Amino acid sequence: MKNFVLSLLLLATGALSAQITITEASLIEVGDTLRVQNDFIVADVITTAPGPDQSWDYSGLTSGLISETIVRDAEDGAFMEEFPSANLLVNLADSVENYLLKAGSQVADLGFRGRVDEASFLNVTARYEVPYVTQRADVRYEQEFSQSTELVVPAAYEDLPDSLVTEIPGDIVFDSIRFRISIDQTSTIDAWGTIQIPGADYEVLRENIVEMRDTRVEIKLGIFPWVDVSSLLDELLPGLLGQDTSYTQQFLAEGIKEPIARIITDAEGNALSVTYKSEGILTSTVSVDGGKPDVFVYPNPAIDKVKVSLKNLSGRFTFRIFDVLGQDVYRREHNFDASDSVVVDISHLPRGSYYYSVLTTEGKPMRTKRLVVIRP
């Protein structure tokens with residue numbers, strides 16, 4: 001009987017010891033370089049139900065692109081005065097400066113100077129009304145977290161692109177406009193185990209994140225209060241306004257600053273894309289040296305033509321535009337020069353919301369962004 005009880009205790013102790021805790025050693029700090037790779041061909045990526053002592057084999061992921069993010073002191077930023085409490089800075093695409101606050105057992109996003117995905121035609125300072133937590137320490141299995149905040153993206157009338165101004169109904173008069181993005185996020189540390197990625201394996205906790213966003217547009221005239229005009233501009237900005245829910249599973253390892261893997265899924269848990277920690281294993285000739293490759297389209301919203309340019313990348317690549325169902329509406333190879341843009345005719349596209357990307361030599365998207373088409 002004693003041996004049986006002892007065996008049970010040993011098994012229980014072994015199970016507990018296999019569960020890791022994410023400590024402050026996993027939080028980013030000045031001088032860190034975060035390296036990840038992206039894979040959009042994820043048919044073989046299987047997600048699992050919550051539970052302990054699991055094994056995830058994602059060693060078959062492939063990518064020809066390593067992206068680097070360098071963590072700097074906030075004082076190095078050109079817009080530090082707009083985020084005086086920040087102590088960390090990372091540069092995102094298109095020279096966007098993202099300001100963060102590391103304090104105690106968490107890192108929180110304060111906002112950025114640049115362009116927001118929901119309104120890429122605005123080059124502004126966007127702030128979270130309540131800091132948006134991006135990393136936590138003292139994280140253990142079966143913990144739950146929740147947070148709510150709003151990202152406010154303001155602009156003066158004269159900052160709006162002509163392609164948008166000409167479309168605004170004449171009876172809507174304002175001095176300023178802003179997008180208000182309400183964010184409600186819940187997450188659960190719902191599993192632990194071992195994960196395999198190309199080149200390495202790690203003991204991890206899995207965080208299951210559900211985030212709901214509601215994007216509204218408001219206008220202001222003189223001393224009068226802000227007025228919500230989302231219902232009036234919904235047709236003008238299709239796909240930008242209203243509610244959207246995202247689903248993410250990310251795998252965290254102790255002492256590692258990047259998520260070992262971060263899987264974007266649909267509501268049923270089917271993988272849509274994966275970002276994973278780079279161990280330096282490439283499967284094509286595309287790589288990053290001195291900056292993150294990116295693709296930009298202007299104007300956006302667009303009417304009949306767009307200019308497509310690449311950053312930190314040149315050569316012959318396929319440019320793709322596809323609809324919300326994933327069906328191609330434009331796909332063609334172009335020679336991209338670092339100092340020039342490629343003009344693409346989109347006059348055949350109905351008004352609406354689309355997505356665009358540039359494909360690697362293996363046909364994988366390097367980055368996917370939203371394109372809005374409007375019509376006079």
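Being assigned to a loop (DSSP other than H, G, I, E, B) and under 23 Å from Glu144 (Cβ atoms) is a property that holds for Thr47. Residues that are at pLDDT below 95 and either surrounded by fewer than 21 Cβ atoms within 10 Å (Cβ to Cβ) or closer than 14 Å to Tyr132 by Cβ (or both) within the stretch 83-97 comprise Val90, Asn91, Leu92, Ala93, Asp94, Ser95, Val96, listed in sequence order.
The residue that is modelled with the lowest pLDDT, counting only those in the stretch 319-376 that are of a type in the set (S, T, N, Q) and within 15 Å of Ala302 (Cα to Cα), is Ser353.
Report, by residue number, each residue of the stretch 70-82 that is within 19 Å of Tyr128 (Cβ to Cβ) and touching a Lys or Arg at 6+ places or on another chain (Cβ under 9 Å). Result: Val71, Gly77, Phe79, Glu82. Note on the stretch 307-376: enclosed strands (runs of 3 or more DSSP E) holding 1 or more residues that are under 22 Å from Thr62 (Cβ atoms) are 315-322, 328-336, 352-359, 365-373.
None of Glu150, Glu144, Glu218, Glu207 is at pLDDT 85 or above and in contact with a helix residue (DSSP H, G or I) (Cβ under 9 Å, 6 or more places away or on another chain) except Glu218.
Residue-wise test of (1) at pLDDT 90 or above; (2) within 24 Å of Arg213 (Cβ to Cβ); (3) aliphatic (A, V, I, L, M).
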| residue | (1), (2), (3) |
| --- | --- |
| Ala74 | yes, no, yes |
| Ala108 | yes, yes, yes |
| Thr125 | no, yes, no |
| Arg136 | yes, yes, no |
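Scanning the stretch 241-294 for residues that are over 14 Å from Leu34 (Cβ atoms), in contact with a helix residue (DSSP H, G or I) (Cβ under 7 Å, 6 or more places away or on another chain) and modelled with pLDDT under 90 yields Leu241, Asp294.
Does at least one position in the stretch 183-195 carry a residue that is surrounded by 15 or more Cβ atoms within 10 Å (Cβ to Cβ) and at positive phi? Looking through the stretch 183-195, at least one residue is surrounded by 15 or more Cβ atoms within 10 Å (Cβ to Cβ) and at positive phi.
The values are calculated or read from the model by the stated rules, or taken from the named source; none is laboratory data. Since we're looking at a predicted model, the values are computed, not measured. A quick note on method: Cβ atoms are made from the backbone with ideal geometry, for glycine too, and the neighbour counts reach across all protein chains shown.
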